[in-house]
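As structure tokens, the structure follows; a few thoughts come after it.
The values are calculated or read from the model by the stated rules, or taken from the named source; none is laboratory data. Predicted model only: the values in this text are computed from it and were never measured. Cβ coordinates were reconstructed from backbone atoms using ideal geometry, including for glycine residues, and neighbour counts include every protein chain displayed.
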Amino acid sequence: MVGLALLSLSSTSAADVKPPAGLRCLERLYGIKSEPRDGGFVAQLGKSVLPYDDGQAKNAMQRIESPDLEDMFSERYRTGPIRKVQRAEEDPGRARVEALFMQRYGRTQAAVAAALVSVDFVGSRVRVHRLTASAFRAVAHRLAKLVQHKPELRAFLTGIGGTFAWRPIAGTQRRSAHSYGIAIDLNVKLAHYWRWRMNSAGMAWDNSYPQEIVDAFEAEGFIWGGRWYHYDTMHFEYRPELLDAACYSERDEKRLE
């Protein structure tokens, strides 16, 4: 992973020290192991040992380009009414430690592809990682009930842009969440994306996706790209650690107020 150095496997014992809230969540939700070391904590990700906090001062873009595990929680993901995102630092969830996702979902295209299952998603068949299939099915169940009462919502759930695709994020060398079968793009034609709106004045946040669809995904552990300054309103990805209040430490809460 760019910007994260491997640490030696020697450790210090501090059994009475509790891991940070975010790290405890990653242990619970991603099945990793951690231990105290050199006054901080490290996480075991396969053959790699990564620091929870690499000690580097970073701006918002550096946290996205070269994140440590702590950086994933640097910007609180907030649910609730859809609002225009105007603060450039507000990109909760775009900081992804690739080693974490590779350890959880697969390190190669072949490994992830072998773990894919087919799910009925409100009339469309989509391929998603087996570890997230139950979450996708739960969202699909919520959305199907919504469409029964509001047929006009079906338009957003047709012409689906895709789920699994082993590729980098456009314009970067960072791996897309789609590479792990944990993300879905809904109807591209009804979406807004920051790269489509770039001009001399910058980029103007815009959205046509309704609150009900966003709420349905967030209720099952998915974050929405429409809550980013670098917005991608068709995009939803399974990131339960960002929707659990227990995953943010008191220090984070004070800093993020």
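Yes/no matrix, rows are residues, columns are (1) crowded, with 17+ Cβ neighbours inside 10 Å; (2) in a loop (DSSP other than H, G, I, E, B):
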| residue | (1), (2) |
| --- | --- |
| Ala165 | no, yes |
| Gln173 | no, yes |
| His178 | yes, no |
| Arg195 | no, no |
| Ala204 | no, yes |
| Ser208 | no, yes |
| Val214 | yes, no |
| Phe217 | yes, no |
| His230 | yes, yes |
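Within the range 97-111, residues that are in contact (Cβ under 8 Å) with a residue 40 or more places away in the chain reach partners that are in a helix (DSSP H, G or I) with beta carbons closer than 6 Å, at six or more positions or on different chains, in the pairs Phe101/Tyr180; Arg104/Tyr30; Tyr105/Val112; Tyr105/Tyr180; Gly106/Val112.
Among what's in the range 35-52 and is in contact with a helix residue (DSSP H, G or I) (Cβ under 7 Å, 6 or more places away or on another chain) and modelled with pLDDT under 95, pick the residue that is farthest from Asp71 (Cα to Cα).
Initial filter on the range 35-52 (in contact with a helix residue (DSSP H, G or I) (Cβ under 7 Å, 6 or more places away or on another chain)): 41, 43, 45-46, 48, 50, 52.
Then drop every residue that is not modelled with pLDDT under 95, which leaves 45-46, 48, 50.
Working: Leu45: 17, Gly46: 20, Ser48: 18, Leu50: 13 Å.
Ranking the candidates gives Gly46 first.
The lone criterion from (1) in contact with a helix residue (DSSP H, G or I) (Cβ under 8 Å, 6 or more places away or on another chain); (2) under 26 Å from Asp206 (Cα atoms); (3) among the charged types (D, E, K, R) left unmet by Arg87 is number (1). For beta carbons closer than 7 Å, sequence separation of 6+ or different chains, a first residue in the range 146-160 that is farther than 13 Å from Ile184 by Cβ and modelled with pLDDT of 95 or more and a second that is assigned to a loop (DSSP other than H, G, I, E, B) and of a type outside the set (Ser, Thr, Tyr), the qualifying pairs are Val147/Val122; Leu153/Pro210.
Residues satisfying the criterion are absent from the range 120-137 (criterion: more than 17 Å from Phe217 (Cα to Cα) and among the aliphatic types (A, V, I, L, M)).
Note on the range 116-128: among residues that are over 19 Å from the mean Cα position of the chain (by Cα) and of a type outside the set (Val, Ile, Thr), the one that is farthest from Glu237 (Cα to Cα) is Gly123. For the range 79-121, a residue qualifies if it is among the polar types (S, T, N, Q) and in a loop (DSSP other than H, G, I, E, B), and the qualifying residues are Thr79, Gln86, Thr108.
Scan the range 32-78 for residues that are in a loop (DSSP other than H, G, I, E, B) and either touching a Phe, Trp or Tyr at 6+ places or on another chain (Cβ under 8 Å) or of a type in the set (Phe, Trp, Tyr) (or both) and the total you get is 6.
Can you tell me which residue among Leu143, Leu153, Leu157, Leu186 is under 19 Å from the mean Cα position of the chain (by Cα) and either hydrophobic (A, V, I, L, M, F, W, C) or surrounded by 17 or more Cβ atoms within 10 Å (Cβ to Cβ) (or both)?
Values: Leu143 fails: under 19 Å from the mean Cα position of the chain (by Cα); Leu153 fails: under 19 Å from the mean Cα position of the chain (by Cα); Leu157 fails: under 19 Å from the mean Cα position of the chain (by Cα).
Leu186 is the lone residue from the list that is under 19 Å from the mean Cα position of the chain (by Cα) and either hydrophobic (A, V, I, L, M, F, W, C) or surrounded by 17 or more Cβ atoms within 10 Å (Cβ to Cβ) (or both).
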